[in-house]
Amino acid sequence: MKTSELSLIPTFTPPQGYRAAWCVGGGKGGTKKTMTAFHAGIVLSRSGRTVVYDTDPTSQSLTQWAAAYTALTEQELPFHVIQYTADNGLAAHASRTQREMSADHIVFDIDRTGKHYRQALRVANTLILPISVDTIETITLNVALAEAQDVAEETERGIEAHVVWCGVYHCDQKELNEACATG
């Protein structure tokens with residue numbers, strides 16, 4: 001099998017006429033936010049022109065994954081990547097880009113909560129929160145959801161939120177015994 005024939009890519013195709021503005025973010029690092037945004041870009045591009053924003057100022061991981069995809073598959077990426085690291089103006093930039101590129105879908109890969117997260121939520125109609133099973137995750141999840149609620153109230157519109165579990169939880173025997181005893 002050629003590398004370009006890899007079948008690791010999701011195969012779902014959104015229904016015709018579907019329009020998405022998704023924010024993939026919140027929570028701590030290492031929860032697969034970038035890969036979730038990357039695969040969302042691939043899936044959404046099947047039903048229209050898609051733009052994915054890489055807003056991580058330090059790693060620019062999504063941009064690196066995009067280059068790896070092109071090198072491995074020898075195909076053009078099916079969505080357009082925009083690196084955006086300016087402190088302000090993300091919502092206005094995304095709205096302008098969507099208009100100018102006639103984009104049907106916008107996906108934001110947001111590093112964590114904070115300035116880009118709140119700005120992306122001003123455009124997004126859906127929030128996707130990838131999480132891993134971790135004690136600290138409960139705290140960061142609640143913070144991310146509270147910020148999304150604040151933005152929804154400020155903009156007087158609803159934001160649909162989805163929590164997606166990504167990863168494997170590893171525990172020691174003591175944690176397993178305690179969980180079984182209380183559960």
Open item on the list: Just the residues that are assigned to a loop (DSSP other than H, G, I, E, B), hydrophobic (A, V, I, L, M, F, W, C) and either touching a residue at least 60 places away in the same chain (Cβ under 8 Å) or touching a helix residue (DSSP H, G or I) at 6+ places or on another chain (Cβ under 8 Å) (or both), please, taken from the range 87-125.
Closed with: Ala103, Ile110, Val123, Ala124
- [ ] Considering each residue of the range 21-80, count those that are in contact with a strand residue (DSSP E or B) (Cβ under 8 Å, 6 or more places away or on another chain), among the β-branched types (Val, Ile, Thr) and part of a helix (DSSP H, G or I), and give that number.
- [x] 3
Task: Those residues of the range 126-139 which are of a type in the set (S, T, N, Q) and not in a loop (DSSP other than H, G, I, E, B), in sequence order - done: Thr126, Thr135, Thr138
Open item on the list: Six or more apart or on different chains, Cβ atoms under 6 Å: show the pairs whose first residue is in the range 140-169 and part of a loop (DSSP other than H, G, I, E, B) and surrounded by 11 or more Cβ atoms within 10 Å (Cβ to Cβ) and whose second is modelled with pLDDT under 90 and among the charged types (D, E, K, R).
Closed with: Cys166/Lys32
Open item on the list: With the requirement that a residue be surrounded by 18 or more Cβ atoms within 10 Å (Cβ to Cβ) and of a type in the set (Val, Ile, Thr), what does the range 98-139 give you?
Closed with: Ile106, Val107, Ile110, Thr113, Val123, Ile128, Ile131
TODO: Identify, by number, the condition in (1) more than 19 Å from Ile159 (Cα to Cα); (2) modelled with pLDDT under 95; (3) aromatic (Phe, Trp, Tyr) that Tyr117 doesn't meet.
DONE: (1)
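The values are calculated or read from the model by the stated rules, or taken from the named source; none is laboratory data. Only a predicted model underlies this, so the values are computations on that prediction, with no experimental measurement involved. All Cβ positions, glycine included, derive from the backbone under ideal geometry; neighbour counts span all protein chains shown.
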